[in-house]
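The structure under discussion appears below in the form of structure tokens.
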Amino acid sequence: MKLYRVIALAPLCVVAIAGTAAQAQGLMTTHRISAALANEAVGAAVAACATKGYAVSAVLVDIDGVSQAMLRGDNAGIHTTVAARDKAYTAVSLKTDLSALAERFKTTPPP
């Protein structure tokens, strides 16, 4: 039984040592919004649109384009979840607000 415990702890020691070595090799620190705040943000977005009569879905993605929170509003079509995620991903990948992109396309057609 004691041998089993030593073997089970060995991978933890390796991970701890590897983590220290990896930090020395230049891991980057990134910042992400918390899950609670992400859920609050999509809830606020859906609620704000609902007060204006729009049935929408909202998706919040992190800096890597990975979805963190999604909310499909009441009466929102099933396609709205995919469209919201695609719009959020596009905004992150182009590093611009999509309304600014729409304004740019009014004078300069997209490639």
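Numbers for the structure displayed
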read-out	value
Segment 18-111, accessible surface, carbon-and-sulfur percent (1.4 angstrom probe)	59 percent
Accessible area (Å², 1.4 Å probe, nearest 10) - residue 104	120 Å²
Ranked packing of 34-43, 90-99, most packed first, by mean Cβ within 10 Å	34-43, 90-99
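The values are calculated or read from the model by the stated rules, or taken from the named source; none is laboratory data. All values reported here derive from a predicted model rather than from experimental measurement. Cβ: placed from backbone, ideal geometry, glycine included. Neighbour counts: every protein chain shown. These area figures cover heavy atoms from the full protein model, side chains too; ligands, DNA and RNA do not enter into them. Shrake-Rupley method; radii C 1.70, N 1.55, O 1.52, S 1.80 Å.
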